[in-house]
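Here the structure comes first, spelled out in structure tokens, and everything after it is commentary.
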Amino acid sequence: MRLLVQRVKEASVTIGGTLRSRIGAGLLVLVGVGHDDGVEDLEYLAGKLVRLRIFDDENGVMNLDVMQTGGEVLVVSQFTLLASTRKGNRPSYIHAAPEAVSRPLYERFAARVGELTGHPVATGEFGADMQVALINDGPVTIWIDSKNKE
């Protein structure tokens with residue numbers, strides 16, 4: 001699984017002109033699920049996400065996590081995070097999991113983040129054509145891959 005985490009002042013998801021979700025300050029998390037991902041990947045990433053210290057403390061140092069700041073979380077599925085651009089100019093998505101695998105893992109990931117933070121998690125709609133708007137704070141944007149634990 002891959003996450004693209006963005007610290008935001010606010011973020012929202014609109015589908016077909018209708019607002020689906022909106023958060024204030026917190027994290028916008030784009031989630032890509034690979035064909036070989038499982039529960040252990042989502043557990044690792046959910047834990048990593050909620051403990052990620054990318055919010056400023058009283059001294060202006062990134063030392064606080066989303067739970068310590070009372071921030072909100074918006075989780076959006078995005079299979080294009082699994083794009084391969086090794087050959088040619090048209091991305092290949094052969095590494096992305098099919099819906100039967102990716103939808104349940106995406107939904108379980110969002111639920112697990114909610115459990116760990118103790119707060120509801122806003123979401124997009126799996127497979128929908130979504131318009132995602134955000135005001136990136138910093139900007140702070142971090143890539144985390146469960147298969148590449150550095």
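The values are calculated or read from the model by the stated rules, or taken from the named source; none is laboratory data. Note that the structure is a prediction, hence the values are computed from the model and not measured. Glycine also receives a Cβ, built like all others from the backbone with ideal geometry; neighbour counts cover every protein chain displayed. Ligands, DNA and RNA are stripped out before the accessible areas are found, and what is left, the full protein with its side chains, is counted by its heavy atoms. Shrake-Rupley method; radii C 1.70, N 1.55, O 1.52, S 1.80 Å.
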>> List pairs: first residue in segment 88-106 and in a helix (DSSP H, G or I), second residue of a type outside the set (Asp, Glu) and surrounded by fewer than 16 Cβ atoms within 10 Å (Cβ to Cβ) anywhere in the structure, Cβ distance under 8 angstrom, at least six positions apart or on different chains.
In response: Glu99/Gly127; Val101/His35; Arg103/Gly127; Leu105/Gly38; Leu105/Val39
> Looking at segment 5-27, which of its residues are aliphatic (A, V, I, L, M) and outside any loop (DSSP other than H, G, I, E, B)?
Replying inline: Val5, Val8, Ala11, Val13, Ile15, Leu19, Ile23, Leu27
>> Go through segment 41-75 and report how many residues are without any contact (Cβ under 8 Å) to a residue 12 or more places away in the chain and open to solvent by 30 Å² or more (accessible area, probe 1.4 Å).
In response: 8
>> Looking at segment 82-103, can you tell me whether even one residue there is under 15 Å from the mean Cα position of the chain (by Cα), surrounded by fewer than 19 Cβ atoms within 10 Å (Cβ to Cβ) and closer than 22 Å to Gly47 by Cα?
In response: yes
> Any residue in segment 112-127 that is polar (S, T, N, Q) and either in contact (Cβ under 8 Å) with a residue 40 or more places away in the chain or in contact with an Asp or Glu (Cβ under 6 Å, 6 or more places away or on another chain) (or both)?
Replying inline: yes
> Leu116 passes all but one of (1) assigned to a helix (DSSP H, G or I); (2) within 24 Å of Thr14 (Cβ to Cβ); which number fails?
Replying inline: (2)
>> If a residue must be more than 14 Å from Thr141 (Cβ to Cβ) and either among the hydrophobic types (A, V, I, L, M, F, W, C) or in contact with a strand residue (DSSP E or B) (Cβ under 7 Å, 6 or more places away or on another chain) (or both), how many such residues does segment 1-19 contain?
In response: 7
> Which ones in segment 25-36 are open to solvent by 20 Å² or more (accessible area, probe 1.4 Å) and not aliphatic (A, V, I, L, M)?
Replying inline: His35, Asp36
> Just checking, how many residues over segment 5-36 are under 15 Å from Lys147 (Cα atoms) and under 15 Å from the mean Cα position of the chain (by Cα)?
Replying inline: 4
>> Please determine whether any residue of segment 129-140 is of a type outside the set (S, T, N, Q) and without any contact (Cβ under 8 Å) to a residue 60 or more places away in the chain.
In response: no
> Residues in segment 119-150 that are open to solvent by 60 Å² or more (accessible area, probe 1.4 Å) and not in a strand (DSSP E or B): how many?
Replying inline: 9
> Does Arg22 qualify as being within 25 Å of Asp137 (Cα to Cα) and charged (D, E, K, R)?
Replying inline: yes
